[in-house]
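The values are calculated or read from the model by the stated rules, or taken from the named source; none is laboratory data. None of these values were measured; they are calculated from a predicted model. Glycine gets a Cβ as well: all are built from the backbone with ideal geometry, and neighbour counts include every protein chain shown. To get the accessible areas, we keep the full protein, side chains included, count just its heavy atoms, and leave off ligands, DNA and RNA. Shrake-Rupley method; radii C 1.70, N 1.55, O 1.52, S 1.80 Å.
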Amino acid sequence: MVSMVSGSAEPLSASGRSSEKLSLPSLQSKMKTDPEGYETELHLIRNQFYSALELFQQQAALNFSSISGVGADPTVAKDLSDRAMFLAHVTPFYPKQLAEFPSDLAAFLKSSARTLPSGLRFHATQAVILLVNRKIIDIKDTLSLFMELQTLDDRNLRKLAFSHVVHSIRRMNKNHKNEAKNRSLQNILFGLLQQDDEAKAKRSLITLCELHRRKVWFDERTANAICMACFHSSSRIMIAVLSFLLDYEKIENDDEDSDDLSSEDEMTQNPHVVISKETVYKAHHKGTAASKKKKKAKLQRAIRSMKRQQRLSSESSNCSYYSPLYHLKDAQGFVEKLFSRLQTCNERFEVKMMMLKVIARTVGLHRLILLNFSPFLQRYVQPHQKDITNLLAAAVQACHDMVPPDAVEPLFKQIVNQFVHDRSRPEAIAVGLNVIREICLRMPLLMTEDLLQDLVLYKKSHEKAVSAAARSLITLFREVCPSLLVKKDRGRPMDPKAKPKSYGEVNVLSNVPDIELLEQDDDIGGSEDDESGDEAVSISSDDGNEDNDDEESQYTANDGSEDEDVLDEEGDENDSVDEYESDIDDANEDDSDDEDKGDTEELETEEDDYTEEVSGSSKAGDSAGDGGNEDQKTKASKRKLSDFEGQLIAADTSLRALKRLAEAKTSHASSDSVDGILSDEHFQRIKKLKAKKEAKTALAQQGFKIPSSDQLSFKRVDPSKLEAHVRLRLSKEERLALVKAGREDRGQYQARTAIKQKKTGGLSNRQKDHKKYMPLAAKKAKAQRSRQEKNKKKSRSGKQFRGKKAWKQ
């Protein structure tokens with residue numbers, strides 16, 4: 001047996017051609033081109049492989065810790081690995097002869113993987129992977145084998161097995177997903193994850209997390225299996241799951257780094273950002289440089305706010321939210337179980353912080369009620385506590401409008417008492433005010449009038465972080481509840497009577513959201529159609545008189561100009577509603593009943609006069625007589641006819657307007673009753689009209705728009721934003737780094753003389769003065785002065801100056 005294996009290392013001769021010597025790679029290529037001509041060589045190599053395989057299996061059955069004899073020889077292991085790879089390559093060309101080879105190789109690797117040499121084990125694994133890629137072996141049969149290979153202490157083998165599992169499952173789900181096959185593979189990995197063996201559970205968890213991150217298994221079963229691994233008996237598995245869940249929570253950077261493009265480019269790239277061209281033109285072409293700069297900044301803020309709102313709305317409407325916490329089936333049970341483990345565990349503080357973050361994120365995301373969470377946080381809320389900003393961010397994240405204010409009030413008061421007082425450091429005051437603002441944004445009922453007025457006084461602080469935090473609190477309550485602020489701090493709020501909702505109050509929608517925008521748009525279109533119809537009626541009833549034509553054209557032109565003005569203003573109410581409101585105001589000033597009676601009487605008398613004059617003119621025309629008088633009468637009658645028709649049109653339009661205004665104020669009836677079921681076109685129109693309305697409000701709004709509770713639940717609280725404008729104490733190395741960073745754009749220091757010496761382009765005026773020609777008398781005077789100065793210095797050099805009196809003597 002040994003001689004056969006060792007002798008096989010020599011080149012093999014092909015059957016019938018003894019002169020040709022072939023190595024394994026060349027024989028492999030020959031067998032792929034002509035499988036039937038090399039069956040003898042195939043049987044020879046197959047027998048050599050199985051003989052060596054039996055030897056290894058027998059020694060493994062005897063529980064040898066290390067394979068001696070055959071295994072000690074590296075050439076034998078190399079020959080066996082070469083023949084395994086050779087047979088794996090030619091298996092598709094000999095399906096009958098090598099039908100049992102794949103299963104035998106997998107069984108051998110599964111039973112003897114721990115005792116095999118590393119080289120032989122690696123090549124045998126490569127052979128099995130090749131068979132799986134050729135679809136000779138199913139991944140379902142070898143998944144447990146590859147997961148077990150990942151637990152061995154072999155880095156290269158572990159990396160190879162892990163990448164094969166991930167890529168094979170990705171390739172299987174590339175075109176379409178086979179749910180039955182995926183479910184069977186998931187059951188294998190879920191079973192390994194629930195085992196007490198830490199190594200297998202860890203490798204299974206890593207595989208599931210990688211497949212979920214790559215969105216291959218992006219379903220509720222995988223997300224729930226990953227989340228439930230938080231309750232594994234091994235603390236390492238729990239820490240790995242917590243870190244994976246926290247890494248998925250992406251912090252949304254509201255910094256406008258990507259907003260370097262102009263507003264026109266952004267509007268062309270994002271069609272949902274609808275801003276009028278007039279506003280863009282004014283921001284870039286009208287006004288002074290300072291005013292244009294302000295208008296551009298305002299336009300950019302409006303565009304950014306609209307983009308942010310659209311992104312948040314798309315994320316909330318998208319069912320495949322990225323975090324696995326969103327797909328929890330029993331979120332309340334998960335939170336309670338994890339919180340009970342947090343209360344009883346003896347892990348280090350960093351692990352407890354991770355558990356706190358996951359609990360707070362789940363409570364905020366699913367808007368759960370966990371009454372014991374806030375009292376648990378109270379014991380850690382101190383300014384000197386380690387990672388206090390992360391702890392406060394978790395406390396803010398767990399607040400939402402479904403939590404009773406009484407449960408959060410003790411924690412809220414402790415934050416105020418511990419952080420915001422006169423003896424506290426400015427950094428602590430700033431963090432406390434920012435936390436209070438974030439909590440009040442979610443639960444405004446916690447704030448009282450006296451407390452708010454005390455906190456607002458910090459706006460006069462000399463510390464930038466403290467004053468900015470206090471002003472942000474003022475800005476929030478200008479929108480939420482301006483009545484809690486002093487009159488001078490209210491500013492000009494959008495709604496002076498705004499109040500927060502009481503606990504448990506919910507706005508129940510009885511109609512399609514924002515359908516009133518569609519109705520208003522239809523009313524504007526309907527009023528335009530009605531006016532065009534009235535024009536047609538007035539023109540058709542005309543008898544061709546020029547006076548009538550002038551009056552009616554002037555009437556219709558006035559209507560058209562009014563419509564254009566209203567449409568240019570882009571108001572929410574149409575022109576007819578404005579007319580009706582003006583009619584109502586006039587009616588309130590005067591006696592409405594008397595005017596109605598007077599109008600009806602006038603209309604009746606004019607109608608009688610019109611009929612009498614028409615009949616009189618017809619009789620006079622029949623009997624005869626005076627043609628000039630008849631022309632004057634017909635002109636007067638036509639003028640009265642045109643006035644009468646104008647009054648009828650005005651009365652008709654005013655009645656229609658009053659009817660529309662009454663319907664809009666009394667009942668918001670949906671368009672389903674009129675137009676039937678809403679189609680996709682209606683929803684697209686609603687989306688565009690909503691974008692227009694948001695653009696107008698964003699440009700007109702001075703403060704910030706308060707996000708909805710759903711948007712707040714999806715957004716994660718960034719702990720670094722709670723420390724906004726806070727300047728931390730820097731070390732000497734950090735200060736030197738800042739100094740050097742400030743010198744990068746500045747040139748190297750040079751003296752002024754060195755700079756002058758490098759001067760090019762001629763001499764300076766002083767240098768020219770030195771070279772100027774002097775007269776002879778001036779030269780003699782200069783020489784005499786210098787000689788006198790030298791003599792004085794020489795006479796004083798050897799004598800000591802003894803004061804004024806000594807000098808006089």
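Remarks
- For the residue pairs LYS501/LYS705; LYS215/LYS357; LYS282/LYS696, alpha carbon separations beyond 22 Å are given by LYS215/LYS357.
- ASP153, ASP82, ranked by accessible area, largest first (probe 1.4 Å): ASP153, ASP82
- For segment 712-782, alpha-carbon Rg over 2.2 N^0.38 Å: 2.65
- Of the residues VAL506, VAL335, ranked by 1.4 Å probe accessible area with the largest first, the sequence reads VAL506, VAL335.
- PHE231 versus MET774: modelled label distance in nm, points set 7 Å from Cα along the beta carbon direction: 10.4
- Measuring nothing but protein heavy atoms, the accessible surface of segment 24-253 at 1.4 Å probe radius is 49 percent carbon and sulfur.
- Of the peptides 226-239, 88-101, the ranking by mean beta-carbon count within 10 Å, highest at the top, reads 226-239, 88-101.
- Whole-number accessible area per residue in Å² for segment 24-253, which is evaluated in the context of all protein chains at 1.4 Å: 48
- Solvent-accessible surface (1.4 angstrom probe) belonging to TYR248, in square angstrom, nearest 10: 20
- Computed on segment 126-255, with alpha-carbon pairs under 8 angstrom and 6+ residues apart, the relative contact order is 18 percent.
- Accessible surface ranking for ILE137, ILE369, 1.4 angstrom probe, highest first: ILE369, ILE137.
- For the pair LYS460 and SER243 in one chain, pulling the backbone fully straight at 0.36 nm per residue adds 73.9 nm over the alpha carbon distance.
- Between LEU44 and HIS682, the modelled label-to-label distance comes to 8.2 nm, taking each label 7 Å out from Cα in the direction of the beta carbon.
- Nearest-10 value in Å² for the accessible area of HIS400, using the 1.4 Å probe: 10
- Across segment 24-253, Cα pairs under 8 Å and at least six residues apart give a relative contact order of 13 percent.
- Net lengthening on full extension, GLU733/LYS413 (0.36 nm per residue, minus Cα-Cα): 111.3 nm
- Inter-label distance, nm, simple model (7 Å from Cα along the C-beta direction), ALA498/LYS329: 4.2
- Most positive-pole-ward Cα, SER144, SER118, HIS212, against dipole of segment 24-253 from beta carbon charges: HIS212
- Our estimate of slack between GLU744 and LYS721, defined as 0.36 nm per intervening residue step minus the Cα-Cα distance, is 5.4 nm.
- Taking every protein chain into account, the 1.4 Å probe leaves THR33 with about 110 Å² of accessible area, to the nearest ten.
- Under a model in which nothing but the beta-carbon of Lys, Arg (+1) and Asp, Glu (-1) is charged, segment 24-253 shows a dipole of about 660 debye around its Cα centre.
- With the convex hull constructed from alpha-carbon coordinates only, segment 24-253 shows a mean projected area of 15.7 nm² over all directions.
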